[in-house]
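J.: Below is a structure I'd like to ask you about.
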Amino acid sequence: MRGKKGITLIAGIVLLVLLVLLYLMLHSGNKDGEDTEEEVKTSSVAALEEADMASVSFGAKDNMLTFIQEDNIWYLEADKNFPVDQPSLSDLLSKLSDVQALRTIEEPENLGEYGLEDPQTSIIVTGTDGEKTSFYIGDDNTVVSGCYMYLNDASDRVYLIDSELKTSFLCGLYDLAEKASFPAITSSSITKYRIDKEDGQFVLNEDSNSKTGWTVTGWDGTTKPAASDAVSNTFTKLSSLSFTSYVNYKEDSLEQYGLTNPTAVITADYTETVQDESSEESSEDSGTSGDSQETTVDRQLVISVGKKDESGNYYVKTEGVQGIYTISAEELNTLLDDDITPYLDTYVNKVSFADLSKLEVVKDQTVYTVVSKSVEVESSEEDNTEDEEEQKTELKYYMNDQEIDSAEFLAFYEKVSGMESNSRLDSMPEVASEPELTIKFYDKDSGEETDVAYYAYDSNFYLTIDNHNNYLLVNKMDVREMLEKLDNLLTDTQK
């Protein structure tokens, strides 16, 4: 009997606890227990239309923003020249068109429980008829993603509303400013790029005389051919920049942003294709639908980089864009911290044989001159057609005026033009008096000569030195394979 009584007593205690919890959930007006069927029913407590508004003030208690509407245009009351983004403000005000209550708490005992004794957030709307509607917003209810509010002076009735209203109206002034986009520029249109700092200048320049089409000038003033893929990568970074935030539409306070004496100035010269307006007007006047003419014009992008803000972003002033913005330091530093090394070509001399007038190979004090010629070849009757009149040609290779095997030569030249360096030396080290091999490249168009000498360096590397002061260490096995292909070619030629 005692066991049964004990079980009954425990069951009674559990039931009592459950009833107490249920009572608290049904009757509590605090922030943590509102999930009954009654609470999910909503009711409209305010409905305001933008067209009927004369002014609106909103924000935190000590940081209110006030906008006034005149002739369907909104202005910042404190500065009518401020560039208000009309659609953004209209979108914000539309959230007042139907404010729904998730729950209504009548005669609350203590407004402090809801953060409404001294509301930190307010929205005050003055209608065109002079009538005011005030929303006083308090604490959040994280359980239902809501917050507490009362209207006007009726603090005896507290509403639980969706917290989106509160968070939306806690925006900053420049969240409602008409912003500019970062200037559109394609990476392929850039012809010159430079960064100016107090201690030097870094330049990428399109140069038809460079074997890569580009040159790079480092902070120390040294100019070298620049690898085109590295140049393209930098220009892609530049064209992908975007503004992080809008800081100030005025430009009379550059000093406070570090823009009177910028940390750096990035300048990019580029071209843009535009439609010729005169041809367009002429076509309209004549009533014809002639082809519009396009013209290529020179443009320039100039970005002045100032101090960093509290978030670590750089303040920037972009020429042609009104106002001060910020750009992510992570994005800008990939440009500002650049140096010459990534742009230096890793290939010893990557050039197509078709771009050469001749190639000279010097080995064991013997010079081997290689050229290519297109020669006519006879075709069989089966290859000919009745309409075929052009004579067929074939590209052949000659070494010291003697025809050589094309496959053997191309296997050798593939090793020559495809040889990459493992590292680059800043200055010329001590080397043997004579190189094991020298290859001289003669550019077909410019006539420029590039000489590359190969020296044994250590157990792992050969050193290559060219007449442009490049000192590269290349894998010994790569050079051995190249020399082996050369020996095969020379052996085959001497048969």
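The values are calculated or read from the model by the stated rules, or taken from the named source; none is laboratory data. Only a predicted model underlies this, so the values are computations on that prediction, with no experimental measurement involved. Positions of Cβ are generated from backbone atoms using ideal geometry, with glycine treated the same way; all protein chains shown enter the neighbour counts. Areas reflect the complete protein model, heavy atoms only, side chains present, ligands, DNA and RNA absent. Shrake-Rupley method; radii C 1.70, N 1.55, O 1.52, S 1.80 Å.
J.: Provide the per-residue ³J(HN,Hα) series for the range 66-73, in order, calculated from phi with Karplus coefficients 6.51, -1.76, 1.60 and θ = phi - 60°, each as a whole number of Hz, with x at glycine and proline positions.
T.: Once rounded to whole Hz, the list reads 10, 10, 10, 10, 9, 6, 6, 10.
J.: Let me ask something else about it. Give me the net charge of residue 303's neighbourhood, meaning all other residues with Cβ under 9 Å from the Cβ of residue 303; Lys, Arg count +1, Asp, Glu -1.
T.: 0
J.: Follow-up. Taking amide H atoms as placed 1.01 Å from N in the peptide plane, list the residues 5 or more away in sequence, or in a different chain, whose amide H sits under 5 Å from that of residue 115.
T.: The answer is 139.
J.: Next question. Hey, any idea what % of the chain's accessible area is carbon plus sulfur with a 1.4 Å probe?
T.: Answer for the chain is 44 percent, counting heavy atoms of protein chains only.
J.: Can you figure out the FRET efficiency of residue 308 with residue 175, using R₀ = 25 Å and their beta-carbon distance, to the nearest 0.05? Walk me through the intermediate numbers first.
T.: Working: r = 21 Å, r/R0 = 0.84.
E between residue 308 and residue 175, to the nearest 0.05, is 0.75.
J.: Taking the Cβ-Cβ separation of residue 299 and residue 70 as r and a Förster radius of 60 Å, what is the calculated FRET efficiency to the nearest 0.05?
T.: 0.95
J.: Something else: Placing +1 at every Lys and Arg Cβ and -1 at every Asp and Glu Cβ, with all other atoms neutral, what dipole size does the chain have around its Cα centre, in debye to the nearest 20? All intermediate terms of the calculation are to be shown ahead of the outcome.
T.: On the way: 38 positive and 99 negative charges, 598 e Å.
The calculated dipole for the chain is roughly 2880 debye.
J.: If the label point is 7 Å along Cα→Cβ of residue 208, which residues in the range 405-447 have backbone nitrogen under 17 Å from it?
T.: Once the point is set 7 Å along Cα→Cβ of residue 208, 443-447 turn out to lie under 17 Å by backbone N, inside the range 405-447.
J.: Taking a label point 7 Å from the Cα of residue 476 along the Cα→Cβ vector, which residues of the range 426-464 have an amide N closer than 12 Å to it?
T.: 456-463
J.: Can I ask one more? Please give the length that would be gained between residue 120 and residue 153 if that part of the chain were fully extended, namely 0.36 nm times their separation in residues minus their C-alpha to C-alpha distance (nm, one decimal). Numbers along the way, then the final one.
T.: Numbers: separation 33, 0.36 × 33 = 11.88 nm, distance 1.55 nm.
This chain segment gains 10.3 nm when fully extended.
J.: Then there is this: Can you give the relative contact order of the chain as a percent, counting alpha carbon pairs under 8 Å and 6+ residues apart?
T.: Result for the chain is 9 percent.
J.: Match the structure shown to one of the listed values [x] -0.72, -0.96; [y] -0.48, -0.95; [z] -0.37, -0.81 of log10 I(q)/I(0) by the Debye sum over Cα atoms at q = 0.07, 0.10 Å⁻¹, computed from it, and give that label.
T.: Answer by label: [x].
J.: Around residue 262, under 13 Å between beta carbons, what's the net of Lys plus Arg minus Asp minus Glu among the other residues?
T.: So the environment of residue 262 carries a net charge of 0.
J.: Using a ≥ b ≥ c from the Cα gyration tensor of the range 76-123 (square roots of the eigenvalues), is it rounded, prolate or oblate, where a/c under 1.5 gives rounded and otherwise the larger of a/b and b/c decides, a/b for prolate? Kindly include the intermediate steps, with their values, before the conclusion.
T.: On the way: a/c = 5.22, a/b = 1.97, b/c = 2.65.
Here the range 76-123 falls in the oblate category.
J.: Which whole-Hz ³J(HN,Hα) couplings does the range 135-142 yield from phi under the Karplus relation 6.51 cos²θ - 1.76 cosθ + 1.60, θ = phi - 60°, glycine and proline marked x?
T.: Karplus values, whole Hz, x for Gly and Pro: 10, 10, 10, x, 6, 8, 10, 5.
J.: What ³J(HN,Hα) values, in whole Hz, does the Karplus curve 6.51 cos²θ - 1.76 cosθ + 1.60 give for the range 293-308 when θ = phi - 60°, with x put for Gly and Pro?
T.: Values per residue, Gly and Pro as x: 9, 10, 10, 8, 10, 8, 10, 9, 10, 10, 10, 8, 10, x, 6, 9 Hz.
J.: Okay, next question. For residue 349, what residues show an amide H to amide H distance below 5 Å, using hydrogens built from the backbone and excluding near sequence neighbours?
T.: 419
J.: Could you pull out every residue, at least 5 positions away or on a different chain, whose amide H is within less than 5 Å of the one on residue 214? Hs are placed 1.01 Å off N in the peptide plane, and Pro or chain starts have none.
T.: 207, 226
J.: R0 = 41 Å: FRET efficiency of residue 367 with residue 220, Cβ-based, nearest 0.05?
T.: 0.65
J.: Here is a follow-up. Just going by the charge dipole of the range 59-104, with Lys and Arg at +1 and Asp and Glu at -1 on Cβ, which of 81, 59, 102 is farthest out on the positive end?
T.: Farthest along the dipole direction, towards plus: 102.
J.: Given a cut-off of 26 Å, name the pairs among 363/392; 350/373; 350/476; 396/476; 80/307 whose C-alpha atoms lie farther apart than that in the structure shown.
T.: 363/392; 396/476; 80/307, as the Cα separations exceed 26 Å there.
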